[in-house]
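Below is one structure; the comments refer to it alone.
The values are calculated or read from the model by the stated rules, or taken from the named source; none is laboratory data. This is a predicted model, so every value here is computed, not measured. Glycine also receives a Cβ, built like all others from the backbone with ideal geometry; neighbour counts cover every protein chain displayed. To get the accessible areas, we keep the full protein, side chains included, count just its heavy atoms, and leave off ligands, DNA and RNA. Shrake-Rupley method; radii C 1.70, N 1.55, O 1.52, S 1.80 Å.
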Amino acid sequence: MAEASFVSTTPPSVNKAWIYREHGETAHVLKFETNVAVPQIKEDQVLIKVVAAALNPIDFKRILGLFRATDTALPTVPGFDVAGVVVKLGSKASKFNIGDEVYGDINEEGSINLKKFGTLAEYTAAEERLLALKPKNLSFVEAASLPLAMETAYEGLERVGLSAGQSILVLGGAGGVGTHVIQLAKHVFGASRVAATASTKKLDLLRSLGADLAIDYTEENVEDLPEKFDVVYDAVVQSDKAVKAVKEEGRVVTIFGPITPPAFMFVLTSTGSTLEKLKPYLESGKVKPVLDPTGPYPFSKTLEAFAYLQTSRATGKVVVYPIP
């Protein structure tokens, strides 16, 4: 499953892709098409044979039309995260060679200037600065799960100024972003104490990722905890609760609105350099991909994968693999 040993490096002119031609519910508007033109690459881009792609909440929000003001014109192939093989180089692309196994988030500016042709296809194009070589110890499915979530976790921790010896509370510790916030806070930023919230069945996962305190949000309210934290990272749009769990001079970061001051929100700037910076932690196993146990989903089951993601019950990341 999802191996690249048989990937041809001669790209065709058309490929299979999931595409939507109008905004609406994913189940109604996202369609599988077999004759979609393979994207033409620009001089600073590479063409990637997709081996696996991860789904993110921003995908179905985009399909709904929440980013119309900054989005490209329809029709659109969705998808941010990719892991695959480089099959063609732009005239000024020099970072990779044909045959290199790469991964990344192909949309550089979060919800701004989104690509018309995303990763839910057999081939996709991306600027080489957004990509990094896939760690050899990770499968394509594992690598595809990482870029947007791990980069979001890392940039949020940088922006909020988490430093060694500080304490942090992660709201939504079992989700795609939260699982990486726990690991990065503990093993990269050197937090002295990591607390995180999840439902009852997921508390052991939090502990396995490095959480010192696993909080069952079905039984405890974080705003009522006697302990307050230097930093709170809100990964579940609960900044109203987050600001009540932070120390008086602490800081709160969130990844989506509405925002309760003094919490602040940021939009991810995707870059391959972050993936490269975290490569040693991935190769050593200190930072691990977390895949939802219902997956990975075959490419043909993408609608089922989206339906599951939209239940908000996913643990870690939901991944599809176009190559059977």
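Using a 1.4 Å probe on the protein heavy atoms, what percent of the accessible area of the chain belongs to carbon and sulfur?
52
Would the chain count as rounded, prolate or oblate if I go by the C-alpha gyration tensor, calling it rounded below 1.5 in a/c and otherwise prolate when a/b exceeds b/c, oblate otherwise? Intermediate values should be presented prior to the final figure.
On the way: a/c = 1.89, a/b = 1.63, b/c = 1.16.
Prolate, since a/c reaches 1.5 and a/b exceeds b/c.
Could you give the nm distance between label points at residue 212 and residue 33, where each point is 7 Å from its Cα heading toward the beta carbon?
Modelled inter-label distance: 5.3 nm.
Stretched out fully, how many nm does the piece from residue 225 to residue 264 gain, at 0.36 nm a residue minus the Cα gap? Mind showing how you got there, number by number?
Details: separation 39, 0.36 × 39 = 14.04 nm, distance 2.17 nm.
So the extension gain works out to 11.9 nm.
Could you give the distance between the Cα centres of region 96-154 and region 243-271, to the whole Å?
So the separation of the two Cα centres works out to 26 Å.
Could you report the chain's accessible area per residue, 1.4 Å probe, as an integer in Å²?
Working: 13440 Å² over 324 residues.
Heavy-atom accessible area per residue stands at 41 Å².
I'd like the Karplus ³J(HN,Hα) series for region 246-260: coefficients 6.51, -1.76, 1.60, θ = phi - 60°, whole numbers in Hz, and an x wherever there's a Gly or Pro.
So the J values, rounded to whole Hz, are 9, 5, 4, 9, x, 9, 10, 10, 9, 10, 7, x, x, 10, 9.
What size of dipole, in debye to the nearest 20, comes out for region 194-237 about its Cα centre when the only charges are +1 on Lys and Arg C-beta atoms and -1 on Asp and Glu C-beta atoms? Don't skip to the end; give the middle numbers.
Working: 4 positive and 10 negative charges, 51 e Å.
That gives a dipole near 240 debye.
Which whole-Hz couplings ³J(HN,Hα) result when phi for each residue of region 50-63 is put into the Karplus expression 6.51 cos²θ - 1.76 cosθ + 1.60, θ = phi - 60°, listed in order with x for Gly and Pro?
6, 9, 7, 9, 9, 9, 9, x, 5, 5, 6, 5, 5, 4
Using a Cα-Cα cut-off of under 28 Å, which lysines could be cross-linked to residue 277, ignoring same-chain neighbours fewer than 8 residues away?
The qualifying lysines are 42, 49, 88, 92, 95, 115, 134, 136, 186, 286, 288, 317.
What accessible surface, in Å², does a 1.4 Å probe find on residue 67, ignoring ligands, DNA and RNA and rounding to the nearest 10?
Looks like 30 Å² after rounding.
Give the angle, between 0 and 90 degrees and rounded to the nearest 10, that separates the Cα long axis of helix 147-160 from the longest principal axis of the Cα atoms of the chain.
Value to nearest ten degrees: 40.
Sort region 254-324 into rounded, prolate or oblate with this rule: let a ≥ b ≥ c be the square roots of the eigenvalues of the Cα gyration tensor; rounded if a/c is under 1.5, and if a/c is not under 1.5, prolate when a/b is larger than b/c, oblate otherwise. Spell out each step's value before the answer.
Working: a/c = 2.13, a/b = 1.19, b/c = 1.80.
Oblate is the answer for region 254-324, as a/c is 1.5 or above yet b/c matches or exceeds a/b.
What order do you get for 75-82, 14-21 when each peptide is scored by the mean count of other beta carbon atoms within 10 Å, highest first? Before the final figure, lay out the partial values.
On the way: 75-82: 25.0, 14-21: 19.9.
Final packing ranking: 75-82, 14-21.
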